[in-house]
Amino acid sequence: MVTLDQVRRKLGPGVEFYCEQFHAPEGAQIALWGPSGCGKSTMLNLISGLLRPSSGVIKIGEHETQRMSNGQLDRLRGEQFGFVFQTFNLLAPFTALQNVMLGMRFSDTRPSKEWRRHAIELLERVGLKHRIHSRPGTMSVGERQRIAIARALANKQRIVVADEPTGSLDPKTAAAVMDLLLQMCGENKVTLLLVTHDQGIANQLPERFDCTGLAREVAQ
């Protein structure tokens, strides 16, 4: 499903990202873990096409993303990727329902008349039936992250990338959000790639990939 082969990316003077090999089969749940600055978020951004490699091959299914145009990459992200961030990235003026529905505009193949029903089903599934018409600013951080999970799975994505999704949460809320994310990705056979610096969080996933040293100094 996701493969990196000899991937390099220049990060700055004397520093580059280098991943010799990485493979995530369809439906895998893998923690990309390591200390701050080791290259794990760079790896996530390369996989999702937000960054382009300087060299090497990145494959998403049958697509070699380094060969794709910006427009093709945008379509691929919309069709195959869902994103969960530490800071939620919700639109404050809109309700929980509207935040989930807005994501459907870019790639959902179901008729637009079904968007509302599907968004409500997802919000009920993440335990927010009573908050459908609430705006993010009136909600707890845990509730906001639940909206983000619903949005990430709204378009039947094949891959969810999560960058420190529990970093803003207290331990009890973080545990509940992790359980929900793992359960929903498992039920939908979605490949989950989750960045974390916390080995305790990493150990909750079936597989782990140590990113230590991916960002390294090189001779100029």
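The values are calculated or read from the model by the stated rules, or taken from the named source; none is laboratory data. Just so it is clear, the model here is predicted, and its values are computed rather than measured. Cβ atoms come from the backbone with ideal geometry, glycine included; neighbour counts cover every protein chain shown.
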>> Given (1) more than 22 Å from Gln199 (Cα to Cα); (2) surrounded by fewer than 14 Cβ atoms within 10 Å (Cβ to Cβ), identify the lone condition not met by Pro35.
In response: (1)
> Which residues, taken from region 186-203, are under 17 Å from the mean Cα position of the chain (by Cα), surrounded by fewer than 20 Cβ atoms within 10 Å (Cβ to Cβ) and either more than 17 Å from Ser41 (Cβ to Cβ) or at pLDDT 95 or above (or both)?
Replying inline: Gly186, Glu187, Asn188, Lys189
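Within region 61-91, can you find the residues that are of a type outside the set (Gly, Ala, Ser), more than 26 Å from Leu122 (Cα to Cα) and out of contact with any Ser or Thr (no Cβ under 7 Å at 6 or more places or on another chain)? If you could, list the steps in order and put the result at the bottom.
Of the residues in region 61-91, the ones of a type outside the set (Gly, Ala, Ser) are 62-68, 70, 72-77, 79-81, 83-91.
Retained after the next criterion (residues that are more than 26 Å from Leu122 (Cα to Cα)): 62-68, 70, 72-73.
Glu62, His63, Glu64, Thr65, Gln66, Arg67, Met68, Asn70, Gln72 - these are the residues of region 61-91 that are of a type outside the set (Gly, Ala, Ser), more than 26 Å from Leu122 (Cα to Cα) and out of contact with any Ser or Thr (no Cβ under 7 Å at 6 or more places or on another chain).
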> How many of the residues making up region 128-155 are in contact (Cβ under 8 Å) with a residue 40 or more places away in the chain and not in a helix (DSSP H, G or I)?
Replying inline: 5
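Assess whether Gly142 counts as being modelled with pLDDT of 90 or more and either closer than 20 Å to Ile30 by Cα or loosely packed, with under 14 Cβ neighbours inside 10 Å (or both).
Working: modelled with pLDDT of 90 or more: yes; either closer than 20 Å to Ile30 by Cα or loosely packed, with under 14 Cβ neighbours inside 10 Å (or both): no.
In short, no.
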> Taking Gln183, is it in contact with a Pro (Cβ under 7 Å, 6 or more places away or on another chain) and among the polar types (S, T, N, Q)?
Replying inline: no
> Do we have any residue at all in region 182-193 that's in contact with a Gly (Cβ under 8 Å, 6 or more places away or on another chain), assigned to a loop (DSSP other than H, G, I, E, B) and not polar (S, T, N, Q)?
Replying inline: yes
> Does any residue in region 22-50 that is under 13 Å from Leu214 (Cα atoms) come within less than 6 Å, Cβ to Cβ, of a residue that is in a strand (DSSP E or B) and among the β-branched types (Val, Ile, Thr) six or more places away or on a different chain, and which pairs are these?
Replying inline: Leu32/Val195; Trp33/Thr196; Lys40/Val195; Ser41/Val195; Leu44/Val161; Leu44/Val195
>> Whether any residue in region 65-83 is touching a helix residue (DSSP H, G or I) at 6+ places or on another chain (Cβ under 7 Å) and under 24 Å from Met178 (Cα atoms) is what I want to check.
In response: yes
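Restricted to region 53-62, and to residues that are closer than 16 Å to Phe81 by Cβ and either among the polar types (S, T, N, Q) or at pLDDT below 95 (or both), which residue is surrounded by the most Cβ atoms within 10 Å (Cβ to Cβ)? Before the answer, list the steps.
Going through region 53-62, the residues closer than 16 Å to Phe81 by Cβ turn out to be 58-62.
Restricting the remaining residues to those that are either among the polar types (S, T, N, Q) or at pLDDT below 95 (or both) gives 61-62.
Numbers: Gly61: 13, Glu62: 5.
Per the stated criteria, the residue is Gly61.
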> Scanning for something of a type in the set (Gly, Ala, Ser), assigned to a loop (DSSP other than H, G, I, E, B) and in contact with an Asp or Glu (Cβ under 8 Å, 6 or more places away or on another chain), does region 102-123 turn up at least one residue?
Replying inline: yes
> Which of the residues that make up region 145-177 are more than 28 Å from Pro25 (Cβ to Cβ) and not acidic (Asp, Glu)?
Replying inline: Ile147, Ser168, Leu169, Pro171, Lys172, Thr173
> Considering only strands (runs of 3 or more DSSP E) fully contained in region 1-88, which possess at least 1 residues that are on the phi > 0 side of the Ramachandran plot?
Replying inline: 2-12, 55-60
